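Below: the structure, in structure tokens.
Every number in this text was worked out from the coordinates using simple rules, so none of it is lab data. Everything numeric in this text was worked out from a predicted model, so none of it was measured. Using ideal geometry, Cβ is built from the backbone for each residue, glycine included, and neighbour counts are taken over all protein chains shown.
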Amino acid sequence: MIDSLETILAGVLRHVLKILSVGRFHRKRVVFFSYFGAQYSCNPKYISLYLQEHMPDFEIVWAFVHPDEFKRLGSKGIKVTRYNSLSFLRICMTSRYIITNSEIPAWFPLTRQQTLINTWHGGGAYKKVGAAYQKETAGKQKRAAIARKNPCIYLSSSNAFTEMTLRQSFHHTGKVLPYGMPRNDMLVRQNRDDLYEKIKSYYHIPAENYILLYAPTYRESKKASEYLFDCSRIREALVQRFDGNWSILFRMHYFVMEQLDSSKEYIDASEYPDMQELLYASDVLITDYSSSMWDFALMGKPCFLFATDLNHYDLSRGFYTDIHTWPYPLAESTEELIGNIRNFDSTIYAANVRKHFEDLGNRESGHSAKKVCEYMAENL
């Protein structure tokens with residue numbers, strides 16, 4: 001019943017809110033919001049940065065749930081507004097471009113002279129989303145169909161993402177820009193070695209240390225303790241295989257971290273504002289089902305999967321392709337993970353990653369932000 005009412009209300013609001021489009025239209029204004037106004041991050045951030053540096057004639061607006069936390073952007077000539085406020089909606093409805101990395105609500109209307117550019121927030125084609133995800137209700141799928149009426153363009157990181165995620169799961173029939181993800185430009189080009197010093201300085205890590213980043217996805221069904229592994233033994237395995245001294249960063253959902261006791265075995269990096277900077281500065285990644293594996297592998301660095309609830313996750317969520325065919329060594333226990341680290345073969349891994357990218361039709365260009373901005377400038 002509630003699901004149906006939400007769908008009806010969305011349809012009504014779409015018509016009512018169109019009145020906000022009346023008045024002056026700003027053809028060179030771009031509105032950004034990331035993760036529903038929660039962050040200044042991900043692909044929208046890197047498109048925004050390119051606009052600032054190379055196309056200063058564009059007006060940039062960022063929307064946040066807590067705009068006071070991002071006042072610093074004002075000194076860079078960026079207007080900040082409150083996400084989902086009346087002012088935000090008015091700005092959106094009179095701007096040429098809106099750029100985000102997640103779905104927009106079904107009640108959010110756009111006119112024909114506007115374009116929504118959805119960059120999404122994951123590369124490759126791994127865990128299922130949208131209509132392919134079994135827990136999507138009928139009402140949510142109807143509202144998604146309503147939202148698809150907006151003039152929308154998607155970015156794509158691979159041919160597989162275009163077909164499996166955009167066409168099949170999101171039922172997107174419109175334009176796709178196969179430019180890769182702007183947030184990954186620096187990972188492809190590997191032109192930000194300043195980030196090694198930045199991250200180590202931020203977390204007081206000795207300059208000579210290597211960094212292991214542990215970044216699992218969040219699941220309500222999983223207890224906080226189930227995310228943990230034996231840091232001492234993992235560190236020993238890293239030293240045995242790769243030599244050197246190792247610092248371990250944990251990047252988890254805040255709900256998980258607040259349930260864990262503080263430990264000298266790892267550093268909590270969950271609140272660091274830019275995941276891509278952490279990936280760039282890290283030497284090894286451990287995750288489970290996060291598409292960060294795609295991002296990280298662009299640098300050729302070792303990525304390991306630690307999936308203690310694989311059978312349950314596969315049944316409840318599902319994958320686009322068999323996880324056992326992915327190039328990242330897979331472990332369902334700490335013992336397996338240690339074995340995978342100790343026996344890691346860099347030559348085999350590099351060949352498997354290369355084939356994986358070829359099979360998925362990798363479209364990461366290293367110049368995605370530039371291409372997106374040039375597209376906008378050419379299509380005013």
Inset, instruction - Counting other beta carbons within 10 Å of each Cβ, put T165, T287, T173 in order, fewest first. - result: T173, T287, T165
Inset, instruction - Mind sorting out which of [x] 25, 52, 18, 4, 0; [y] 29, 60, 10, 0; [z] 26, 57, 16, 0 is the real P(r) over Cα pairs in 20 Å bins from 0, in percent computed from the coordinates? - result: [z]
Legend entry - Share of alpha-carbon pairs per 5 Å distance bin for segment 191-360, given as whole %: 1, 8, 18, 21, 22, 17, 9, 3, 0
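Could you please report the charge total around W246, scoring K, R as +1 and D, E as -1 over all other residues with beta-carbon less than 13 angstrom from its beta-carbon?
It works out to a net charge of -1.
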Legend entry - For the chain: relative contact order, % (alpha-carbon pairs under 8 angstrom, 6 or more apart): 18
Inset, instruction - May I ask what percent, to the nearest 5, of DSSP beta bridges between residues of the chain are antiparallel? - result: 10
Inset, instruction - Would you kindly state how much longer the chain becomes between E226 and Q259 on full extension, computed as 0.36 nm times their sequence separation minus their alpha carbon distance, in nm to one decimal? - result: 10.7 nm
Legend entry - Between segment 176-213 and segment 257-287, the Cα center-to-center distance that results, in Å: 13
Inset, instruction - Mind listing the long-range amide H neighbours of D288? Cut-off is under 5 Å, sequence gap 5 or more, other chains count too, H placed in the peptide plane at 1.01 Å from N. - result: T217, F306
Legend entry - For segment 67-115 versus segment 139-156, the gap between their alpha-carbon centres in whole angstrom: 18
Legend entry - Which of S247, S34 has the fewest Cβ neighbours within 10 Å, and the rest in rising order: S247, S34
Legend entry - Extreme residue, positive dipole direction of segment 191-360, given options Y349, L330, I267 (C-beta unit charges): Y349
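Sorted from fewest to most neighbouring beta carbons within 10 Å, what does the list I286, I91 look like? Walk me through the intermediate numbers first.
On the way: I286 25, I91 20.
Ranking I286, I91 by Cβ neighbours within 10 Å, fewest first, gives I91, I286.
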